[in-house]
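The structure under discussion appears below in the form of structure tokens.
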Amino acid sequence: MRITVLGACGAWPETGSACSGYLVEHDGFRLVMDLGYATFPRLLEHVAAEEVDAVWISHGHPDHCVDLNPLLRARALGDEPVPALPVFAPPGALDAVLALDKPGMLAASYALHEVVPGDAFEIGPFRAGTRLLPHHVPNAGIRLEADGAVLAYTGDTGPSPEVVELARGADLLVAEATYVDEVPGGDAPYLTSARQAGAQAARAGAGRLLLTHLWPGTGREAARRAAEARFDGETGVAESGQVIDLGR
């Protein structure tokens, strides 16, 4: 299983970067997890629009899903017809993005599969499990397994035992870490700090931890150190263009 980071900024993209987005490949199958601001041009550096096999969207905030629109436009308006793209997301998460164009314009370019968090299903070679995680809007964390390799991705979430179960024994946990040490005020139930992400990775027994969704301007080294204070495994901060290979 190969994971390529398309972007990892929280809220809006910093100069030269992009918001949340990951290309996950296994046995020639190409799955995109989240498509936030500025991820589509990054995706095209690795695969053509028509070569994407499926998309997973964790929740409906635009820094995680808005670039689904240009991906669908490229497939719908290109010179060669391509099959409808399977798109998996929690119910209603993509209503706003899919309404950006005139009715029917992109309808043939995708096949929407609404996934109730807690459901398990298959995406190509991946066995997928999902869990409802606490956020300002419904957010589904996803666990992908293929040939013994396990990837867990939180989307956006507050601290929760469900995160620990999602990542139980995973080779890699890609965890939202918007803040370094503490999440301020009313956001505390709905977002996670790097320190909290490290603690959850440790409780889950994850092999590696990759912090993502840092607030713009947050020091990456400070975030990494905060997570390492709670987690003994390999810890990194996601960067656009980073590639991680799991398993064989």
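Scan G21, G28 and give me the residue that is surrounded by fewer than 21 Cβ atoms within 10 Å (Cβ to Cβ) and out of contact with any His (no Cβ under 6 Å at 6 or more places or on another chain). Quick ask: steps written out before the conclusion?
Details: G21 fails: surrounded by fewer than 21 Cβ atoms within 10 Å (Cβ to Cβ).
Sole residue among the options that is surrounded by fewer than 21 Cβ atoms within 10 Å (Cβ to Cβ) and out of contact with any His (no Cβ under 6 Å at 6 or more places or on another chain): G28.
Touching a residue at least 60 places away in the same chain (Cβ under 8 Å), within 14 Å of the chain's Cα centre (by Cα) and surrounded by 17 or more Cβ atoms within 10 Å (Cβ to Cβ) - does that describe any residue in the stretch 157-169? Steps first, answer last, please.
Of all residues in the stretch 157-169, those touching a residue at least 60 places away in the same chain (Cβ under 8 Å) come to none.
No, the conditions are met nowhere in the stretch 157-169.
When the stretch 46-61 is examined, which residues are found to be surrounded by fewer than 19 Cβ atoms within 10 Å (Cβ to Cβ) and either over 12 Å from G21 (Cβ atoms) or touching a Pro at 6+ places or on another chain (Cβ under 8 Å) (or both)? Full working, then the answer.
Initially, the stretch 46-61 is screened for residues surrounded by fewer than 19 Cβ atoms within 10 Å (Cβ to Cβ), giving 46-48, 50-51, 53.
Result: V47, A48, E50, E51, D53.
Is it the case, given these coordinates, that V5 is of a type in the set (V, I, T), at pLDDT 95 or above and either in a loop (DSSP other than H, G, I, E, B) or surrounded by fewer than 20 Cβ atoms within 10 Å (Cβ to Cβ) (or both)?
Details: of a type in the set (V, I, T): yes; at pLDDT 95 or above: yes; either in a loop (DSSP other than H, G, I, E, B) or surrounded by fewer than 20 Cβ atoms within 10 Å (Cβ to Cβ) (or both): no.
No.
Based on what the data block shows, is A204 in contact with a helix residue (DSSP H, G or I) (Cβ under 9 Å, 6 or more places away or on another chain) and either under 18 Å from T178 (Cα atoms) or not aliphatic (A, V, I, L, M) (or both)? Walk me through how you get there before you give the answer.
On the way: in contact with a helix residue (DSSP H, G or I) (Cβ under 9 Å, 6 or more places away or on another chain): yes; either under 18 Å from T178 (Cα atoms) or not aliphatic (A, V, I, L, M) (or both): no.
So A204 does not fit the description; no.
Check Y179 against each of (1) under 19 Å from G60 (Cα atoms); (2) crowded, with 19+ Cβ neighbours inside 10 Å and name the one condition it does not meet.
Evaluating Y179 over (1) under 19 Å from G60 (Cα atoms); (2) crowded, with 19+ Cβ neighbours inside 10 Å leaves (1) as the failure.
For L100, state whether it is modelled with pLDDT of 95 or more, surrounded by fewer than 21 Cβ atoms within 10 Å (Cβ to Cβ), closer than 23 Å to V163 by Cβ and not small (G, A, S).
On the way: modelled with pLDDT of 95 or more: yes; surrounded by fewer than 21 Cβ atoms within 10 Å (Cβ to Cβ): yes; closer than 23 Å to V163 by Cβ: no; not small (G, A, S): yes.
For L100, the condition - modelled with pLDDT of 95 or more, surrounded by fewer than 21 Cβ atoms within 10 Å (Cβ to Cβ), closer than 23 Å to V163 by Cβ and not small (G, A, S) - is not met.
Could you count how many residues in the stretch 17-50 are under 15 Å from the mean Cα position of the chain (by Cα), polar (S, T, N, Q) and over 23 Å from A108 (Cα atoms)? Give the derivation first.
Quick first cut of the stretch 17-50, residues under 15 Å from the mean Cα position of the chain (by Cα) only: 18-25, 30-40, 42-43.
If we keep only those that are polar (S, T, N, Q) as well, we get 20, 39.
Those left that are additionally over 23 Å from A108 (Cα atoms): 20.
Here the count works out to 1.
Checking the conditions here, which among G118, G78, G129 is over 22 Å from H213 (Cβ atoms) and at pLDDT 95 or above?
Working: G78 fails: at pLDDT 95 or above; G129 fails: over 22 Å from H213 (Cβ atoms).
The unique qualifying residue is G118.
If I ask for residues that are charged (D, E, K, R) and more than 15 Å from the chain's Cα centre (by Cα), which ones from the stretch 112-144 would you list? Can you show your working first?
Step one: filter the stretch 112-144 for residues charged (D, E, K, R), giving 114, 119, 122, 127, 131, 143.
Matches in the stretch 112-144: E114, D119, E122, R127.
The values are calculated or read from the model by the stated rules, or taken from the named source; none is laboratory data. What you see is a predicted model, and the numbers here were worked out from it, not measured in a lab. Neighbour counts run over all protein chains shown; Cβ positions are idealised from the backbone, glycine included.
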